[in-house]
Amino acid sequence: MQSPVGRHSTLERIELEPNLSAWRCPESGGLWIPAESYWRWRHSLPPELLEDHSTATPAPTGEYDETVKLCPESGTIMARYRVGHGLQFRIDRSNTGGIWLDSGEWEALKASGLHGSIHKIFTAPWQQAVRDESRDAVHREQLLSRLGPDLVSKLETLHKELSSHPDRKLALAYLQGIK
């Protein structure tokens, strides 16, 4: 199989994890994980490893991040999916179900506890949550730039307190009455 990113590189078969066969590009360090290998490995994992323990871990930015990649199996263009949830990179998926990870992305997924749930990244609810996360971050940056960090911090504290307060409607009405 040819690498989706390396110039004329043939992928080399490796054992990425016990029971997980993958293919590594000797030039870029990227990984091709065929769908059947991923699912066979995932079904062999103990239940505690399948729980979501996600924590943000940065992944290195590689030279192939913005490259359009062709599936090593089918030769078709792979779709790109933002990982989100604290991780700022995208992974590629073929219509065969296979997954391409650029160098360092497997380690970042593993450190974040997402390696056993890669398939969830390709779902509509996951991608919606990533878009919501991005929108909320932009909104927060706008608040910080216009109101300043001190006032935003105070407002966030007030927001937390009011969210469970029995008379929050009264407090909000009072705040809306400020002239």
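Label point of I14 set 7 angstrom out along Cα-Cβ; within segment 98-142, amide nitrogens under 12 Å from it belong to 101-107.
Could you give the length gained on full extension between E27 and R40, defined as 0.36 nm per residue of separation minus the Cα-Cα distance, in nm?
On the way: separation 13, 0.36 × 13 = 4.68 nm, distance 2.72 nm.
Length difference between fully extended and current span is 2.0 nm.
Accessible-area rank, largest first, for R13, R146: R146, R13, with all protein chains present and a 1.4 angstrom probe.
If you rank M78, M1 by how much accessible surface each has, with a 1.4 Å probe, what is the order from largest down?
Details: M78 10, M1 75 Å².
The residues order as M1, M78, largest area first.
Charge tally for P26 (other residues, Cβ to Cβ under 13 Å; Lys, Arg +1; Asp, Glu -1): +1.
In segment 95-166, a dipole from Cβ-located charges (positive for Lys and Arg, negative for Asp and Glu) runs towards its positive end, and of I121, W100, S164 it is S164 whose Cα lies farthest in that direction.
Each of Q2 and H159 was given a label point 7 Å from its Cα along the Cα-to-Cβ line. The distance between the two points is 4.9 nm.
Near I121, once Lys and Arg are set to +1 and Asp and Glu to -1 for all other residues with Cβ below 9 Å from its Cβ, the sum equals +3.
Close Lys pairs in the chain (alpha-carbon distance under 22 Å; sequence gap of 8 or more, or different chains): 6. Using the Cβ of Y81 as centre and a radius below 9 Å, the other residues enclosed give a net charge of +3, where K and R count +1 and D and E count -1.
Per q in 0.11, 0.12, 0.13, 0.19 1/Å, what log10 I(q)/I(0) does a Debye calculation on the alpha-carbon atoms of segment 91-179 return? Here log10 of I(q) over I(0) equals -0.58, -0.65, -0.71, -0.98.
The values are calculated or read from the model by the stated rules, or taken from the named source; none is laboratory data. All values derive from a computational prediction rather than experimental measurement. Glycine gets a Cβ as well: all are built from the backbone with ideal geometry, and neighbour counts include every protein chain shown. Side chains are part of the model used for accessible areas, which takes the heavy atoms of the whole protein and leaves out ligands, DNA and RNA. Shrake-Rupley method; radii C 1.70, N 1.55, O 1.52, S 1.80 Å.
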